[in-house]
Amino acid sequence: MMCRFESCPRYQNFLMMINELKTKLTDLGLSEEMATKAISTVAEFTKSKLPEQLHSAIDDVMAGKNPDLGALGGLIGGLKGFFGK
């Protein structure tokens, strides 16, 4: 199922998690730029551990684009547990 970028709850939750992570990193003393680089590094690491068909969806999310969440939907749900929520 394809969600519209603006209204997709899964995508909005993911964006909130990314923003929360960026805030936590800047609270630890990282600059905005370094926090963004750290998040990008985690995204690249995650891609290295996932099947190749998910790579473009992760790239789209990180670029603020509307990914096909059919493949990514389960991953986003799984990331909640990965980040402790």
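The values are calculated or read from the model by the stated rules, or taken from the named source; none is laboratory data. The structure presented is a predicted model; accordingly, all values stated were derived computationally and were not measured. Counting neighbours? That spans all protein chains shown, and the Cβs are built from the backbone with ideal geometry, glycine included.
Structural remarks
- All told, Ile76 falls short of being out of contact with any Asp or Glu (no Cβ under 7 Å at 6 or more places or on another chain), at pLDDT 70 or above and assigned to a helix (DSSP H, G or I).
- Summed over segment 20-47, the residues that are in a helix (DSSP H, G or I), surrounded by fewer than 11 Cβ atoms within 10 Å (Cβ to Cβ) and not acidic (Asp, Glu) give a count of 2.
- Subset of segment 48-67 (residues that are without any contact (Cβ under 8 Å) to a residue 12 or more places away in the chain and either outside any helix (DSSP H, G or I) or surrounded by 15 or more Cβ atoms within 10 Å (Cβ to Cβ) (or both)): Pro51, His55, Ser56, Asp60, Ala63, Gly64
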